[in-house]
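A.B. asks: First, the structure itself, so that you have it in front of you.
The values are calculated or read from the model by the stated rules, or taken from the named source; none is laboratory data. Every value quoted in this text rests on a predicted model; they were computed, and no experiment measured them. FYI the Cβ positions are ideal-geometry reconstructions off the backbone, even for glycines, and counts take in every protein chain you see. Just so you know, the surface numbers come from the protein's heavy atoms only, side chains and all, with ligands and any DNA or RNA stripped out. Shrake-Rupley method; radii C 1.70, N 1.55, O 1.52, S 1.80 Å.
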Amino acid sequence: MARYKIIFTKPKDVIPFNNQKMLNSFIHKTIGHNGYHDTFSEYNISGLQGGKYDAERGGLVYEEPYIIISSSNEEFNMMIIEKLLQRKQTLFDMTVADIRFVELRLNAHYDYISTLSPFIVFNKKSRRKITFKDEGWLDILRQNCIDKLRHMGIEDETFSIEPHYENKWKTKMV
């Protein structure tokens, strides 16, 4: 598994809160139309990180904006890093300034993973997005993770998810 931080140049202007669609578009343009585009994804991408709200300007300001990408597919990792460095695609008015690998510290019997940004679970049966407010959401999330692991050739019947800090959970759909 590889995790890397894609650091962007400082934007000239504020960035809107609802920037996820632009980030997804940036990633899809970078990936291009190949076996990774609009298929079962073997990668995860965080939201745009490092911003602070500027009430006067009505958006987010960034000193060093970044995203985190993680994937166990070495071919995908090499492809996207190469394309990020070569194409100079822009996200708003930002370009890729640096790529740094992030160390993963895995434990012997469990891993504590904190998400950088909200995640979305899409239930194919009901054709809708699932949140922690939905009945059975944890089972749906667990099955989604197991399906991804199986797709990558990993079988683990002991896999479980135990969320922490229930009082801090939030839902934000834009």
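A.B. asks: Would you calculate the separation in nanometres between label points at residue 132 and residue 64, each defined as 7 Å from the Cα along the Cα-to-beta-carbon direction?
C.D. replies: Those two pseudo-labels are separated by 3.0 nm.
A.B. asks: Ignoring ligands, DNA and RNA, how do 28, 33, 164 rank by accessible area with a 1.4 Å probe, largest first?
C.D. replies: Listed by decreasing accessible area, they come as 33, 164, 28.
A.B. asks: Suppose accessible area is computed on protein heavy atoms with a 1.4 Å probe; arrange 66, 4, 53 from highest to lowest.
C.D. replies: I get 53, 66, 4, largest accessible area first.
A.B. asks: What does the accessible area of residue 48 come to, in Å² to the nearest 10, when a probe of 1.4 Å is used?
C.D. replies: It works out to around 20 Å².
A.B. asks: What nm distance separates the two modelled labels at residue 25 and residue 148, each placed 7 Å from Cα along Cα→Cβ?
C.D. replies: Each label point lies 7 Å from its Cα, and together they span 2.5 nm.
A.B. asks: May I ask which of 52/83; 5/129; 10/83; 12/133; 88/133; 29/133 have a Cα-Cα span longer than 31 Å here? Numbers along the way, then the final one.
C.D. replies: On the way: 52/83 29 Å; 5/129 27 Å; 10/83 20 Å; 12/133 38 Å; 88/133 40 Å; 29/133 34 Å.
Where the Cα-Cα span goes over 31 Å, the pairs concerned are 12/133; 88/133; 29/133.
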